[in-house]
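Visitor: Below you will find the structure I want to go over with you.
The values are calculated or read from the model by the stated rules, or taken from the named source; none is laboratory data. A quick note: this is a predicted structure, and the numbers were derived from the prediction, not measured. Reconstructed Cβ throughout: ideal geometry from the backbone, glycine too, with neighbour counts over all protein chains shown. The protein model used for the area step is the full one, side chains on, heavy atoms only, and it has no ligands, DNA or RNA in it. Shrake-Rupley method; radii C 1.70, N 1.55, O 1.52, S 1.80 Å.
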Protein chains: 2
Amino acid sequence: MTQDRPERADAARNRRAILLATEELLARYRPEQISMEQVAAAAGVGKGTVFHRFGSRMGLMHALMAERALALTEAVSVGPPPLGPGAPAAERLLAFLDAIVDVIARNKGLLAALGHADTTTAKSDEDPRTAHPVYGFWHGHIADLLTAERPDLDAELQAHILLAGLQSRSILLLLEQGEAERLAAALRSLARALLHAPTEDTTG
Amino acid sequence: MTQDRPERADAARNRRAILLATEELLARYRPEQISMEQVAAAAGVGKGTVFHRFGSRMGLMHALMAERALALTEAVSVGPPPLGPGAPAAERLLAFLDAIVDVIARNKGLLAALGHADTTTAKSDEDPRTAHPVYGFWHGHIADLLTAERPDLDAELQAHILLAGLQSRSILLLLEQGEAERLAAALRSLARALLHAPTEDTTG
DNA sequence: TGGACAACTGGACCAGCGGTCCAGTACGTT
DNA sequence: AACGTACTGGACCGCTGGTCCAGTTGTCCA
């Protein structure tokens, strides 16, 4: 993206202004209350510019999400344990969940905004994995770690469930009230329960 | 609602027609693709009628949800075990989760529609418990059962997490592919893990 | 049976949305 | 300095959820 033929200086400036404005609006208001026009106005650019840069509401939210998640992605791939490679899967999983809650807590509306965004455009049968690289990465990582420790579980599905909480309205509400640590604790607790559960048959 | 001064015959007929039409549309299309105008047309009434009866999109979805959940509510309150009172909390919980998945699977878009509905109108700081009686009831029931077996857990929050999965886009997708039993199994598995997990401190 | 009143009805209407379009602007290159 | 092109912005479009109210229809009472 920022390579080969770099974007023009004004384009880069506007792109950053738009992302920043979106971030600020997202911190202050509910994602659904934020219109693309507002974003444009807040960023001091025209609506056309926003769409030219990001294609759609979903594109914008996704770009923001990707940026916010970048540090985490790197920490997981090449960083030090327990987040990065090297620690046992169980520890990495717990650390990763904590890290995700942290990202979400600092960008409350983001996941919900992403959800709402493609709710609006609704490409019917798309695999969410493909549609949302960030979600896909998070989900895949959790599923992998879970599988490593508990190959008997339906890790794919459990990973979805673990992540689903972060998109839930009720839980977002808690986050807004500063209960991030409580959520992290509950998620850790749940994950630990899953890791230590007696072996069982998924067909039952 | 259907008491004291009953609604006029035509009103009742239209109300049922609207709910039925909504249900059918919800079975066929994504909730976000269904406009109130479509609902009205499908029900063979004017748009004004729909809004007069249900107040808003959320009102409509909520009414449908309440109707759909009625049988479950009764089964839980006064029905026979394991769903109704009498069975051990752990058993009731697993049975209840199964039952919920069943309701959701047979009305795929409904929970999502509800979520999307108040996403649109967005009464900022409302307690979801108050705002969505059905969700509130489900959440409360799960939290109660969970507390009965595991008073050391943050049951309120765990209940939210358990329910969150049913609103998640990725999981709705599974449901559409007929994987309801797989979801039920995963949820049971998760709940069992929670119930059997070693006692732990929520502050850790 | 009929008359009167309220409840219900439906479609024109409104503001605001996400997204498109394209004439004009300003950057980077030579 | 001058040129081509990528970027810009705001008018514009189709459509949405929701409002409004003149006209209709069911119900109740005499």
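Visitor: With springs only between Cα atoms under 10 Å apart, run a GNM on chain A and tell me which of A:H52, A:H141, A:H132 wobbles the most.
Guide: A:H52
Visitor: Before we go on, tell me the buried accessible area for the B/A pair, both chains summed, 1.4 Å probe, in Å² to the nearest 100.
Guide: Chain pair B/A: roughly 3700 Å² of buried accessible area.
Visitor: In degrees from 0 to 90, rounded to the nearest 10, what is the angle of the helix A:133-149 Cα long axis to the longest principal axis of chain A?
Guide: Approximately 10 degrees, to the nearest ten.
Visitor: Choose one answer from A:L97, A:L110, A:L174: the residue with the largest mean-square fluctuation in a GNM of chain A with alpha-carbon springs under 10 Å.
Guide: Between A:L97, A:L110, A:L174, it is A:L174 that shows the largest mean-square fluctuation.
Visitor: Take the Cα coordinates of segment A:56-196, assign each an equal point scatterer, and use the Debye formula without solvent to give log10 I(q)/I(0) at q = 0.15, 0.16, 0.18, 0.21 Å⁻¹.
Guide: Cα-only, vacuum Debye calculation for segment A:56-196: -0.74, -0.85, -1.08, -1.42.
Visitor: Looking only at B:A12, B:A89, B:A185, which one moves most when chain B is put into a Gaussian network model with springs between Cα atoms under 10 Å?
Guide: B:A12
Visitor: Mind checking the dipole of segment A:1-55: about its Cα centre, +1 per Lys or Arg Cβ, -1 per Asp or Glu Cβ, Debye to the nearest 20?
Guide: 100 debye
Visitor: Hey, another quick one. I need the inter-copy label distances for B:A66: point set 7 Å along Cα to C-beta, values in nm with one decimal, smallest first.
Guide: So the label point of B:A66 gives 4.5 nm to the other copies.
Visitor: Ok, one more. Report the local net charge at B:F51: Lys and Arg +1, Asp and Glu -1, summed over other residues whose C-beta lies under 15 Å from its C-beta.
Guide: Charge balance in the 15 Å sphere: +3.
Visitor: At a temperature of 4 °C and a viscosity of 1.567 mPa s, determine how fast the protein assembly as shown diffuses translationally according to Stokes-Einstein, using the Kirkwood radius over alpha-carbon pairs as Rh; express D in µm²/s, rounded to the nearest whole number.
Guide: 57 µm²/s
Visitor: Go through segment A:64-78 residue by residue and turn each phi into a ³J(HN,Hα) via Karplus (6.51, -1.76, 1.60, θ = phi - 60°); whole Hz please, and just put x for glycine and proline.
Guide: Once θ is set to phi - 60°, the couplings for segment A:64-78 become 4, 4, 4, 5, 5, 8, 4, 4, 5, 4, 5, 4, 6, 6, 10 Hz.
Visitor: Now a separate question. Let me check I've understood the local charge: for B:A99, count other residues with C-beta under 13 angstrom from its C-beta, Lys and Arg +1, Asp and Glu -1. What total comes out?
Guide: Residues near B:A99 contribute 0 overall.
Visitor: If you don't mind, there's one more thing I want to ask. Suppose R0 equals 56 Å; then what is the FRET efficiency for B:Q177 and A:A9 from their Cβ-Cβ distance, rounded to the nearest 0.05?
Guide: The value I calculate is 0.75.
Visitor: If you don't mind, another one. Modelled label-to-label distance, B:A17 and B:A41, 7 Å Cα→beta-carbon offset: nm?
Guide: Simple spin-label model gives 1.6 nm for this pair.
Visitor: If you don't mind, another one. Given A:K47/B:K108; A:K47/A:K108; B:K47/B:K108, which pairs have Cα atoms separated by over 30 Å?
Guide: Beyond 30 Å between Cα atoms: A:K47/B:K108.
Visitor: What is the sum of charges, Lys and Arg at +1 and Asp and Glu at -1, for the other residues whose Cβ falls under 15 Å from the Cβ of B:L83?
Guide: So the surrounding residues net to -3.
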